[in-house]
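Student: One structure, as structure tokens, below. Some questions next.
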There are 2 protein chains.
Amino acid sequence: MPTVAVLGAGMVGSIIAADLAATRGFNVTLHDHSRDALDQGLERCRRVGRKNVKAIEADLSDPVAVRAIAAESDLVAGALPSHLGFAALKAVIEAERPYADISFMADDALELDRLAKRKGVTAIVDIGVAPGMSNLLAGVAAKTLKPCERIDIMVGGLPVERQRPFEYKAAFAPADVLEEYVRPARIVEGGKTVIREALGGIEPVDLPGVGTVEAFDTDGLRSLVHTLKVPFMRERTLRWPGHAALMRAFRDAGLLDTEPVEVRGQRVVPRDLLATLLFPKWSYTSDDEGELTVMRVVAEGKLDRKRVRLTWDLLDHRDPETGFTSMSRTTAFPCAVALRALAKGEIPMTGVIPPERLASIDGFADRMIKELRKRGVRYEAEVGEC
Amino acid sequence: MPTVAVLGAGMVGSIIAADLAATRGFNVTLHDHSRDALDQGLERCRRVGRKNVKAIEADLSDPVAVRAIAAESDLVAGALPSHLGFAALKAVIEAERPYADISFMADDALELDRLAKRKGVTAIVDIGVAPGMSNLLAGVAAKTLKPCERIDIMVGGLPVERQRPFEYKAAFAPADVLEEYVRPARIVEGGKTVIREALGGIEPVDLPGVGTVEAFDTDGLRSLVHTLKVPFMRERTLRWPGHAALMRAFRDAGLLDTEPVEVRGQRVVPRDLLATLLFPKWSYTSDDEGELTVMRVVAEGKLDRKRVRLTWDLLDHRDPETGFTSMSRTTAFPCAVALRALAKGEIPMTGVIPPERLASIDGFADRMIKELRKRGVRYEAEVGEC
């Protein structure tokens, strides 16, 4: 029975653990530095009937500890805070274990590709929803269309109940949200990478089952900028209309700055104060609170001499039975499915693998979509002429 | 030659001093704790040809010092930061000197009315633009219309150049602006004082020579709530559209709170940080920068058995010759004119006098409007049936 170490016992880590423990007999252990987090993680697993998950306290900010955990396991899944992601990835590669990770590290995971190849390790990174499924579907589009001319990804996590002024709550680390509102957005235009200001290009978009949202530039393409040869690519974030202009005003006011300013003799980082004030307001406080994840991936190009548009739509709500957020489910399940594929030896490549590269494996994307559907996460595909 | 002490050598204080030094031979001295402020004040006086103004350093936060200055003068004008206003008013009353003040104190100046009456002192307070001319015109309306049913005051100081996201600069202390956005607004409805949330009731208003602005509730009626028996009265602030919603969002985020919050081990007052970030952006940086003050006072009621609407409109721009802001000019001139009236013995009443009470003096309001017009500040009056 293969053993799996799941690094991080947050919402996503627990759902990965519970998913793996459900079938095919993985021996799953959750690792986290916090006993509370582990207890909550185990409680989430029990909530879906998985009593066979173990939990061990470990300092995952210490690469030596991560390496030891990985070495004692057959496979590793990563669901860590973004700032721990890169070091953990390196430690797992050094321990020579297959890895599926959704830690959303700011660093470029592909820097470790050579190390992973040398070690003969397969490390699938960014295998969540976006990054994750967005990359896989972009990869499918780039492979299917000849040529693929344009890929447009729009994605957002939203509260169902819109409350002024932000009409927003964060289903993942809100610090990462603020960072997205500041980091310049890399998009691809005419084959060249160009830099756009984050929160720019605000545009209304009508999405079935959701209504009118706004899309704006954020730095979401990540590895796609380098891995796909598609002349026009962009990723945009979706929010209820008005949010981006408001956050621009906060940014323009200097409230997202990370340089300290002097306030009555103290040095204060404006973003730290803003986080202190906003994050409690941006937190889902109950398992009943409506929350949704919406994504659309559109690709245009030629197929059998016709110009076609491929569209994939995802709309997922919090699971009312388990209380698990759509953001954690849509993120965790692709990682769990990828880990199962690693366990079955279905990923015939080594190195650090962003999800778009998995599109080259025959049938992989279809199997992924089918597996997600089994778990209630539905990607609807449409092909149309354009 | 009567001597006048002007308390505070800021923009408004210097203009009061220069105005008084211009004619009729007042012996004028500027007082301020800051040598720099005094030098700048004298420079402003010289800019308009007034070389005969003196300047003395003094700690005006010390009531003993203010009392001594007042005792040595025949008349006193006040143009102090709001937090010093009340103590200075009390000190001048105790020194038994006539006073004209625009210090915009948060405290209720009328608490000192009995003291002033006992001392036989005339202390005209809030004699700027709004409060100030708005009160005087409201007083005129209440006296003219029988009955006066409604008084609606709208006033704002605005930059000519609208720059996102705030489209605002503060022509007076920006801390007082933030306080206005938080302090509950007292308005009069059906003869009762009711409390409205500041920044509420946002409504577009078209003003000739300005364009579309927005009006919203702020706590501007001050003494009018108590002194006039008019069943409907409200004062609203004018800004370029969008400002109020943005400031509401800042307020809702907690950024205008004055309770400290814990940020990485330090206790930080959110409003202090916001002030640190915003005030440099909200400051006029050059004497060329377009700036305007716009006010409309509307009163409805009966006159000679007809229902009429009285309207006064003020639109004033920064003086291009002197660089003096419209806000400082429209504030300083009524104070200077009132002080001249005090000197001539034209104010036959004692106590703490808000400007609406001056409307009872025959011809006073007309003379004030005429004097302001000589100084380039034009109130246009209109009478219409309604």
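Student: Please check chain B for the longest run free of GluC sites (Glu not before Pro) that are loop-located per DSSP (anything but H, G, I, E, B) and have at most 10 other Cβ atoms within 10 Å.
Tutor: Answer from the scan: B:1-160.
Student: Near residue B:149, within a Cβ-to-Cβ distance under 9 Å, what is the net charge of the other residues, with Lys and Arg +1 and Asp and Glu -1?
Tutor: +2
Student: Using a 1.4 Å probe on the protein heavy atoms only, what accessible surface does residue B:83 show? Give it in Å² to the nearest 10.
Tutor: 150
Student: Round to the nearest 0.05 the FRET efficiency obtained for residue A:114 and residue A:303 when R0 = 41 Å and r is the Cβ-Cβ distance.
Tutor: Efficiency computed from Cβ-Cβ geometry: 0.70.
Student: Same structure again: For a test of the definition: using alpha carbon positions, the gyration tensor, and the 1.5 limit on a/c, classify chain B as rounded, prolate or oblate.
Tutor: rounded
Student: Also, quick follow-up: Spelling out what I want: for every residue of the range A:42-57, take phi, set θ = phi - 60°, compute 6.51 cos²θ - 1.76 cosθ + 1.60 (Karplus), and round to whole Hz; glycine and proline get x.
Tutor: Listing the rounded values in order: 5, 4, 4, 5, 5, 4, 9, x, 9, 9, 9, 8, 9, 9, 9, 6 Hz.
Student: OK, next. Give, rounded to the nearest 20 debye, the magnitude of the charge dipole that the range B:201-319 has about its Cα centre when Lys and Arg contribute +1 at Cβ and Asp and Glu contribute -1 at Cβ.
Tutor: 680
Student: Name the long-range amide H neighbours of residue B:54: under 5 Å, sequence gap of 5 or more, or other chain; modelled H, no Pro or chain starts.
Tutor: Close amide H contacts, sequence-distant or interchain: B:28, B:29, B:30.
Student: Same structure, new question: In whole percent, how big is the carbon plus sulfur part of the accessible area of chain A, probe 1.4 Å, protein atoms only?
Tutor: Exposed carbon and sulfur together represent 49 percent of the surface.
Student: Kindly report, to the nearest 10 Å², the accessible surface of residue A:129 as traced by a 1.4 Å probe over protein heavy atoms only.
Tutor: We get 10 Å² for residue A:129.
Student: Check which residues have an amide H placed less than 5 Å from residue A:351's amide H, if you skip close sequence neighbours.
Tutor: A:117, A:121, A:122, A:123
Student: Just in the range B:141-170: which trypsin sites (Lys or Arg not before Pro) are loop by DSSP and have at most 16 other Cβ atoms within 10 Å?
Tutor: B:162
Student: Moving on. Nearest 20 debye, what's the magnitude of the dipole of chain A about its Cα centre given +1 on Lys and Arg Cβ and -1 on Asp and Glu Cβ?
Tutor: 980
Student: What are the distances, in nm and sorted shortest first, from the label point of residue B:374 to the label points of the same position in each other copy, with each label point placed 7 Å from Cα along the Cα-to-Cβ direction?
Tutor: Distances between equivalent label points, in nm: 9.3.
Student: Follow-up. Which Cα, out of B:218, B:160, B:145, lies furthest along the positive dipole direction of the range B:102-228 (beta carbon charges, K/R +1, D/E -1)?
Tutor: B:145
Student: May I ask you to derive the relative contact order of chain B, considering only C-alpha pairs under 8 Å and at least 6 residues apart, and to give it as an integer percent?
Tutor: Relative contact order of chain B: 19 percent.
Student: Of all DSSP beta bridges located in the protein assembly as shown, what percent are antiparallel, nearest 5?
Tutor: Rounded to the nearest five, the antiparallel share is 65 percent.
Student: Continuing with this model, one more query. Go through B:268, B:383, B:298 and list them by solvent-accessible area, largest first, probe radius 1.4 Å.
Tutor: My answer, sorted largest first, is B:383, B:298, B:268.
Student: Rounded if a/c is under 1.5, else prolate if a/b beats b/c, else oblate: with a ≥ b ≥ c from the C-alpha gyration tensor eigenvalues square-rooted, which is the range A:29-184?
Tutor: oblate
Student: Now a separate question. Can you run phi through the Karplus equation (6.51, -1.76, 1.60; θ = phi - 60°) for the range A:345-360 and list ³J(HN,Hα) in whole Hz, with x for Gly and Pro?
Tutor: x, 8, 10, x, 7, 10, x, 8, 10, x, x, 4, 6, 5, 5, 6
Student: Let me spell out the model: positive unit charges on the Cβ of Lys and Arg, negative unit charges on the Cβ of Asp and Glu, origin at the Cα centre of the protein assembly as shown. What dipole size does that give, in debye rounded to 20?
Tutor: So the dipole magnitude of the protein assembly as shown works out to roughly 880 debye.
Student: Largest first, how would A:73, B:286 line up by accessible area (1.4 Å probe)?
Tutor: Accessible-area ranking of A:73, B:286, largest first: B:286, A:73.
Student: Rounded, prolate or oblate: pick one for the range B:152-310, where a ≥ b ≥ c are the square roots of the eigenvalues of its C-alpha gyration tensor, a/c under 1.5 means rounded, and failing that, prolate if a/b is larger than b/c, else oblate.
Tutor: oblate
Student: So what is the relative contact order of the range A:171-227, in percent, for Cα pairs below 8 Å that sit 6 or more residues apart?
Tutor: 33
Student: Something else about it: Using a Förster distance of 22 angstrom, determine the FRET efficiency expected from the C-beta separation of residue A:96 and residue A:52, and round it to 0.05.
Tutor: After rounding, the FRET efficiency stands at 0.25.
Student: How big is the C-alpha Rg of the protein assembly as shown next to the rule-of-thumb value 2.2 N^0.38 Å, as a ratio?
Tutor: For the protein assembly as shown, the normalised Cα radius of gyration comes out at 1.24.
Student: Using θ = phi - 60° and the Karplus form 6.51 cos²θ - 1.76 cosθ + 1.60, what ³J(HN,Hα) does each residue of the range B:281-289 get, whole Hz, x for Gly and Pro?
Tutor: Going residue by residue, I get 6, 8, 9, 6, 9, 9, 6, 9, 5 Hz, with x marking Gly and Pro.
Student: Please compute the Kirkwood hydrodynamic radius of the range A:282-386 from all pairs of different C-alpha atoms, in Å with one decimal.
Tutor: When all Cα pairs of the range A:282-386 are included, the Kirkwood radius is 15.8 Å.
Student: Can you tell me the relative contact order of the range B:1-77? Whole percent, Cα pairs under 8 Å, sequence separation 6 or more.
Tutor: 39
Student: Moving on. Taking a probe of 1.4 angstrom, what is the accessible area of residue A:29 in Å², to the nearest 10?
Tutor: Accessible area, nearest 10 Å²: 20 Å².
Student: Given R₀ = 45 Å, what would the calculated FRET efficiency be for residue A:27 paired with residue A:225, taking r from the Cβ atoms and rounding to 0.05?
Tutor: 0.70
Student: Would you mind computing, in nm to one decimal, how far apart the modelled labels at residue A:71 and residue B:59 are, each placed 7 Å from Cα along Cα→Cβ?
Tutor: 7.0
Student: At most 10 other Cβ atoms within 10 Å and a DSSP loop assignment: could you name the trypsin sites (Lys or Arg not before Pro) in the range B:26-115 that fit?
Tutor: Those that pass, being in a loop and sparsely packed, are B:51.
The values are calculated or read from the model by the stated rules, or taken from the named source; none is laboratory data. What you see is a predicted model; the values in this text were computed from it and never measured. When we count neighbours, we look across all protein chains shown, and the Cβ atoms used for this are built from the backbone with ideal geometry, even at glycine. Calculation scope for accessible area: heavy atoms of the full protein, side chains included, ligands and nucleic acids excluded. Shrake-Rupley method; radii C 1.70, N 1.55, O 1.52, S 1.80 Å.
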